[in-house]
Amino acid sequence: MSEKKRTDKVARGTTATSKKPKGFTDEERAAMKDRARELKAEAGRGPRADQQGESDVLAKIAEMPEPDRAMAKRLHAIITTSAPALSPRTWYGMPAYAREGKVLCFFQSAQKFKSRYATFGFSDSANLDDGAMWPTAFALKDLTPAEEARIAALVKKAVG
């Protein structure tokens with residue numbers, strides 16, 4: 001009987017070590033740290049927040065690998081032209097665009113979370129409601145004139 005107990009203990013021990021730990025990935029932890037830094041920096045900026053936000057966004061875009069960098073540059077131009085009332089800023093280490101301090105839309109590099117595509121998304125502050133269901137994020141592999149026109153229209157609609 002003692003032999004059986006010992007076998008049970010060994011079996012349980014090997015099962016427990018084969019499980020992967022659950023929790024945040026390294027990328028998610030880095031994004032949370034970015035957000036904490038952003039909040040701390042925003043608290044001390046005051047009236048120059050919009051100017052600093054623009055330079056922060058351009059710096060984040062410059063750090064991105066291609067082709068995400070090219071897409072982010074083009075998106076920045078589309079968004080600032082389509083909705084000049086939005087203020088560029090970073091949000092969880094990503095380029096984002098806010099109205100009255102609330103993020104309205106954002107770009108997430110494919111490399112940030114090791115995804116196969118970049119993401120352009122909207123927060124719940126965006127005025128995109130269309131019936132009982134509507135998209136709030138889009139996968140981006142490339143920006144053609146058709147996608148650029150659609151994004152410009154969505155950003156204008158989101159601002160309301």
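Things to note:
- Cβ-based exposure ranking for Ser125, Ser115, Ser87, in which fewest neighbours within 10 Å come first: Ser115, Ser125, Ser87
- Within segment 97-144, chymotrypsin sites (Phe, Trp or Tyr not before Pro) in DSSP loop having at most 16 other beta-carbon neighbours inside 10 Å: Phe113, Tyr117
- Less than 5 angstrom separates the built amide H of Leu140 from those of Ala118, Thr119, Phe120, all sequence-distant by 5 or more or on a different chain.
- Computed 3J(HN,Hα) for segment 155-160, one whole-Hz value per residue from the Karplus formula 6.51 cos²θ - 1.76 cosθ + 1.60 where θ = phi - 60°, is 5, 4, 5, 4, 5, x, glycine and proline marked x.
- The distance between label points at Gln111 and Met32 comes to 2.5 nm (points 7 Å beyond Cα on the Cα→Cβ vector).
- Cut-off under 5 Å, modelled amide H: who pairs with Leu104 long-range: Tyr97, Ala98, Arg99
- Phi angles across segment 132-147 convert, under the Karplus curve 6.51 cos²θ - 1.76 cosθ + 1.60 with θ = phi - 60°, into 3J(HN,Hα) values of 8, 8, 8, x, 10, 8, 10, 7, 10, 9, 7, 10, 9, x, 5, 5 Hz, Gly and Pro given as x.
- Applying D = kT/(6 pi eta Rh) to segment 25-159, where Rh is the Kirkwood radius over alpha-carbon pairs, T corresponds to 4 °C and eta to 1.567 mPa s, the Stokes-Einstein value obtained is 86 µm²/s.
Every read-out reported here was derived from the displayed coordinates using simple, explicitly stated rules and does not represent laboratory data. Only a predicted model underlies this, so the values are computations on that prediction, with no experimental measurement involved. Cβ: placed from backbone, ideal geometry, glycine included. Neighbour counts: every protein chain shown.
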